[in-house]
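J.: Just dropping this structure here.
The values are calculated or read from the model by the stated rules, or taken from the named source; none is laboratory data. All values reported here derive from a predicted model rather than from experimental measurement. No Cβ is skipped: glycine too gets one built from the backbone with ideal geometry, and neighbour counts run over all protein chains shown.
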Amino acid sequence: MDMRRLLLNKATALVAVVLLAVAAYFFWHNNQKPAAAERYKTERIVDGDITQTVSANGTLNPVVLVSVGTQVSGTVKKLYADFNDRVKQGQVLMELDDSLFQAQVKQSEANVSSAKASLALASANAVRTRDLFAQEYVSKQELDQAEQAEQAAQAQLELSKAQLQKDRTNLSYTVIRSPVSGVVVDRQIDVGQTVAASFQTPTLFKIAQDLRQMQIDSSFAEADVGNIREAQQVRFSVDAFPTKSFQGVVKQVRLNPTTQQNVVTYDVVVSVNNPDEILLPGMTAYVNITTARRRNVLLVPNAALRFKPQEIGDKQGGRRERQEENRGTVYVLQGKQLKAVSVSTGITDNRFTEVKSGPLKVGDAVVVEDAQAAGGDNRSSSRFRMRLF
């Protein structure tokens with residue numbers, strides 16, 4: 001009996017010690033909570049100018065890029081133009097071997113001469129037949145046959161002339177001339193190479209009409225294209241000149257969409273002046289289009305609009321909170337408590353957002369970060385656990 005009482009007394013004392021330790025822990029934990037001003041990081045509301053832009057990548061191209069081909073097949077005999085050469089309209093770029101075409105022309109010329117002789121004979125026969133028919137020495141059928149032979153000879157002459165014209169035209173096609181004045185940006189043939197124009201016209205040269213006027217073909221997502229208009233200002237950069245910024249103007253928003261992996265984009269054409277010709281065809285351009293600008297407006301940090309108190313985040317269970325369009329909520333310190341403030345928002349530059357209306361004013365401090373949550377301190381949400389045995 002005494003042993004039982006002794007063990008009971010020891011167990012009671014142990015429970016008392018444990019309860020005392022738990023109470024001491026919670027007293028210490030509550031006293032360790034930082035003050036609200038120390039826990040929450042804030043930033044001030046300021047006034048200033050804000051510019052909203054949309055961004056995309058694009059490719060620099062000449063405004064007019066002409067692909068020069070050939071309508072006849074043959075072997076390249078001579079080249080008169082090379083990469084980067086400036087050429088004039090009508091200037092000879094290359095010649096094909098014209099031996100077969102020259103022979104074809106001579107053959108067609110001989111056919112024309114033969115057809116002329118046949119026509120002369122047929123005409124003479126028709127004249128004699130008419131005279132004989134008038135004297136009733138030949139029948140009407142013989143006269144009709146003579147006149148038909150004359151007409152057939154005339155048609156054969158016209159056919160031979162047409163073939164001669166075709167062969168002369170093909171001969172002229174062996175000399176390739178520039179259709180425009182510009183700069184040769186690509187040459188795809190060499191002397192001795194055979195080009196075949198059987199099914200489609202092969203490309204021999206590519207000529208940029210004027211490299212002082214360029215354009216950027218860029219693809220913008222459908223979410224951004226609604227804010228893009230013609231004549232909007234554009235700034236862009238290229239890898240060749242990373243420290244330099246270039247300017248342009250939106251020339252056209254093309255209506256033909258492109259869909260890749262369920263992403264819809266639209267081609268936005270930007271007009272660019274290139275007086276020094278330092279921008280080259282094919283360069284990648286990183287385009288920023290100014291879609292809106294506001295001056296002397298209230299600006300709230302975007303971090304303040306993204307901030308949610310830990311208690312609210314726990315209640316939401318990680319679900320995204322739905323907010324009315326163009327409305328936002330920020331939090332300000334009111335004593336030791338956070339107070340939610342609803343504001344009407346405008347444009348954003350991804351760092352600050354315009355405040356169109358609401359109780360905020362210049363100098364107000366808004367919460368942008370919970371230092372306790374950011375530091376990974378989960379003591380306020382942790383549970384003290386202890387196993388007795």
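J.: Which one of the conditions (1) modelled with pLDDT of 95 or more; (2) touching a Ser or Thr at 6+ places or on another chain (Cβ under 7 Å); (3) among the aliphatic types (A, V, I, L, M) does Leu143 fail to meet, given that it meets all the rest?
T.: For Leu143, the exception is condition (1).
J.: Tell me, yes or no, whether the range 173-183 has at least one residue that is more than 20 Å from Gln89 (Cα to Cα) and surrounded by 19 or more Cβ atoms within 10 Å (Cβ to Cβ). Quick ask: steps written out before the conclusion?
T.: Filtering the range 173-183 down to residues more than 20 Å from Gln89 (Cα to Cα) leaves none.
Scanning the range 173-183, I find no residue that is more than 20 Å from Gln89 (Cα to Cα) and surrounded by 19 or more Cβ atoms within 10 Å (Cβ to Cβ), so the answer is no.
J.: Residue under question is Ile289, and the condition is that it be within 30 Å of Asp47 (Cβ to Cβ) and part of a loop (DSSP other than H, G, I, E, B); does it hold?
T.: no
J.: Would it be correct to say that Asn227 is more than 29 Å from Phe83 (Cβ to Cβ) and in contact with a Phe, Trp or Tyr (Cβ under 9 Å, 6 or more places away or on another chain)?
T.: The answer is no for Asn227.
J.: To continue, here is another question. Restricted to the range 230-262, and to residues that are surrounded by fewer than 11 Cβ atoms within 10 Å (Cβ to Cβ) and under 17 Å from the mean Cα position of the chain (by Cα), which residue is nearest to Asp276 (Cα to Cα)?
T.: Here the residue is Asp239.
J.: Would you mind finding the one in Ala285, Ala240 that is of a type in the set (A, V, I, L, M) and closer than 28 Å to Phe352 by Cα?
T.: On the way: Ala240 fails: closer than 28 Å to Phe352 by Cα.
On inspection, the qualifying residue turns out to be Ala285.
J.: List the pairs whose first member sits in the range 210-230 and is hydroxyl-bearing (Ser, Thr, Tyr), whose second member is exposed (fewer than 12 other Cβ atoms within 10 Å of the Cβ), and whose Cβ atoms are under 8 Å apart, counting only residues at least 6 apart or on separate chains?
T.: Ser219/Thr258
J.: Taking the range 242-278, which residues are under 16 Å from Ala221 (Cα atoms) and of a type in the set (Lys, Arg)?
T.: The one that is under 16 Å from Ala221 (Cα atoms) and of a type in the set (Lys, Arg): Arg254.
J.: Assess whether Val54 counts as being at pLDDT below 95 and closer than 30 Å to Val249 by Cβ. Walk me through how you get there before you give the answer.
T.: On the way: at pLDDT below 95: yes; closer than 30 Å to Val249 by Cβ: yes.
Yes; evaluated as a whole, the condition is true for this residue.
J.: Would it be correct to say that Thr291 is of a type outside the set (Phe, Trp, Tyr) and within 30 Å of Val367 (Cα to Cα)?
T.: When the stated conditions are applied, Thr291 passes them.
J.: Every residue in the range 134-146 that is assigned to a helix (DSSP H, G or I) and surrounded by fewer than 16 Cβ atoms within 10 Å (Cβ to Cβ), please.
T.: Correct list: Ala134, Lys140, Gln141, Glu142, Asp144, Gln145.
J.: Go over the candidates Asp210, Asp224 one by one and state the one that is at pLDDT below 95 and closer than 30 Å to Met94 by Cα.
T.: On the way: Asp224 fails: closer than 30 Å to Met94 by Cα.
Checking each option against the conditions leaves just Asp210.
J.: All but one of (1) at pLDDT below 95; (2) assigned to a helix (DSSP H, G or I); (3) touching a helix residue (DSSP H, G or I) at 6+ places or on another chain (Cβ under 6 Å) hold for Asp131; which doesn't?
T.: So the condition that Asp131 fails would be (3).
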